[in-house]
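Only the coordinates and a few stated rules stand behind these numbers; no lab work does. Just so you know, these numbers come straight off a predicted model, no measurement behind them. So basically every Cβ, Gly included, is an ideal-geometry build from the backbone, and we count neighbours across all protein chains shown.
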Amino acid sequence: MLLLSSCGGGGAGPLDIGPPPPVAGPAATINYISATPPVISIIIAPTGPKSSVMRFIVRDALGNSVADGTVVDFVLTGPSGGKTVANGGEYIGPLDASPTTDSTTTKGGTAETVLVSGRVAGPATVTASVAGTAISTVSGAISIGGGVPASNHFRLASTQLNLAAIAGKSATIGAFLADRFGNVNGLVGTSVSFMAEGGAIGTSALADFDGIATVGYLVGAGFPTDGRVTIMAATQGEEVFVDTNGNGLYDIGEAFVDRSEPFLDLNHNGLRDADESYIDVNGNGIYDGPNGLWDGPDCPAAGCVKPATIWTDMELTLSTDAACQISPASFGSLTAPGIADGGSLPFTFIVQDLNGNGVIGGTTIVVTKTAAEGTLGGTTSVTIPDGAGPTTLNFTLSDSSPGNPVTIPAELAACPAAPTSPATCPTAATVTVTVTMPADSGLKGCSSTSIGAID
């Protein structure tokens with residue numbers, strides 16, 4: 001410790017200025033500090049950062065930061081496999097002829113390089129080494145992803161697929177987006193537009209951090225006659241293609257799925273008919289089918305669309321009251337029983353709504369019989385899930401006390417009026433199938449009955 005004395009009007013006394021700063025020794029370790037941010041988007045993504053600052057610290061054997069100017073070399077391992085930037089590759093440092101290497105010097109013990117994304121998604125790491133030594137370390141993985149929405153990763157879903165056909169019933173519609181790699185980071189804020197054949201739907205919504213854009217759908221005016229509502233969503237992105245050479249670009253000759261302009265498929269035939277609304281993407285006043293070109297950002301062919309307007313659709317069912325049918329509707333009589341001694345009879349029951357569509361989810365079907373004799377088999381109770389179509393129930397009614405057949409015609413003829421004994425006469429039986437709608441649906445269920453006899 002160095003002590004100094006002062007003099008003057010203020011008096012005198014020792015002054016402690018502390019020990020001298022440590023002298024940095026040669027580099028002994030290098031450690032990864034951080035990547036800011038840790039997730040970046042591919043270079044063509046409409047949103048999201050495209051670069052990340054990678055920081056490392058170099059220390060001597062005592063843990064002190066090395067002297068400024070210590071050279072650190074960097075080597076990038078990325079998803080493109082070292083492709084040049086022109087071929088879709090990512091790079092570190094200045095854009096030069098060596099995209100996977102960089103070199104810089106320390107300041108305050110810290111050395112940094114910048115990772116810039118290319119057109120290929122996947123993890124990237126950077127190896128940092130102190131020049132002229134074997135001292136090195138590897139960064140954590142940085143995620144590169146988040147391109148533009150791809151047509152094969154664009155789907156719709158609803159919180160309810162079968163809605164009661166009553167004004168005011170509602171559901172939430174979600175558009176699920178991802179890029180060609182299945183990634184959603186970088187798609188935050190992507191706008192999705194919606195159209196509906198009947199009822200009312202939100203005009204548009206922005207994708208959240210999970211790549212989901214949601215709007216409300218409300219049953220109201222404009223009930224389609226077939227009870228099936230088409231909902232369509234559209235956004236800007238790219239048509240799906242097979243990246244044969246893995247360069248993150250569409251190259252002429254690579255396979256792709258061509259799409260038409262978006263349209264509202266009212267009759268569900270997969271084709272655009274003259275009375276169906278469409279989005280006139282190119283503004284030429286007519287509907288255009290697939291153009292034979294890959295459409296998307298940086299599409300190479302003359303006449304291609306940059307970016308493409310991609311779209312998807314789904315159906316909702318507006319279910320009405322239930323309609324029931326049982327077969328057979330009858331099974332004999334006391335004089336001619338439909339179920340022989342020891343035998344059984346199969347039944348088929350069908351329930352659907354008045355348009356031939358499925359009933360709403362939560363509807364229950366229960367089969368009962370009135371006769372003491374007879375055993376029901378097969379499926380005799382079921383709750384219909386949401387989204388189901390017309391439901392068919394198969395069950396049987398069997399003779400539960402075989403061994404006492406009525407074989408004398410005279411006995412059979414006498415049974416309805418004056419049976420000789422319960423053991424020798426057929427038993428009258430009624431089978432009833434009851435359909436009950438959920439209490440809050442506002443819809444009516446139904447029931448069907450089959451009357452007959454068991455020997």
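Sorted on the mean count of surrounding Cβ atoms within 10 Å across their residues, most packed first, peptides 265-271, 56-62, 379-385, 232-238 read 232-238, 56-62, 379-385, 265-271. Round to the nearest 0.05 the FRET efficiency obtained for ALA221 and VAL257 when R0 = 56 Å and r is the Cβ-Cβ distance. The value I calculate is 0.95. Sequence-ordered 3J(HN,Hα) estimates for region 194-199 from the Karplus curve with 6.51, -1.76 and 1.60 and θ = phi - 60° stand at 10, 9, 9, 5, x, x Hz, glycine and proline given as x. Our summary gives the chain a relative contact order of 11 percent, counting only alpha carbon pairs under 8 angstrom and 6 or more residues apart.
Computed from the alpha carbon atoms alone, the convex hull of region 29-145 holds 89 Å³ per residue.
Exposure proxy shown here: for MET314, MET54, MET195, the number of other Cβ atoms within 10 Å sets the order, fewest to most, as MET314, MET195, MET54. Straight-line reach from LYS107: which lysines have Cα under 24 Å away, leaving out those fewer than 8 places along the same chain? Straight-line reach from LYS107, under 24 Å: no lysines qualify.
Remark: relative contact order (region 48-119) = 43 percent; criterion is Cα-Cα distance under 8 angstrom and separation of 6 or more residues.
Working note: Karplus 6.51/-1.76/1.60 with θ = phi - 60° gives region 344-350 the couplings 8, 9, x, 10, 10, 10, 10 Hz, where Gly and Pro are set to x.
Ignoring lysines fewer than eight residues from LYS306 along the same chain, the ones with Cα atoms less than 27 angstrom from its Cα are LYS50, LYS83. Candidate cross-link partners of LYS444 among the lysines, defined by an alpha-carbon separation under 24 Å and a same-chain spacing of 8 or more, comprise LYS169, LYS369. Residues SER327, SER52, SER204, arranged from fewest to most other Cβ atoms within 10 angstrom of their Cβ, appear as SER327, SER204, SER52. Couplings 3J(HN,Hα) of region 252-266, computed from phi: 3, x, 6, 5, 8, 9, 7, 10, 8, 5, x, 9, 9, 7, 5 Hz, in residue order, whole Hz [Karplus 6.51 cos²θ - 1.76 cosθ + 1.60, θ = phi - 60°; x for Gly and Pro].
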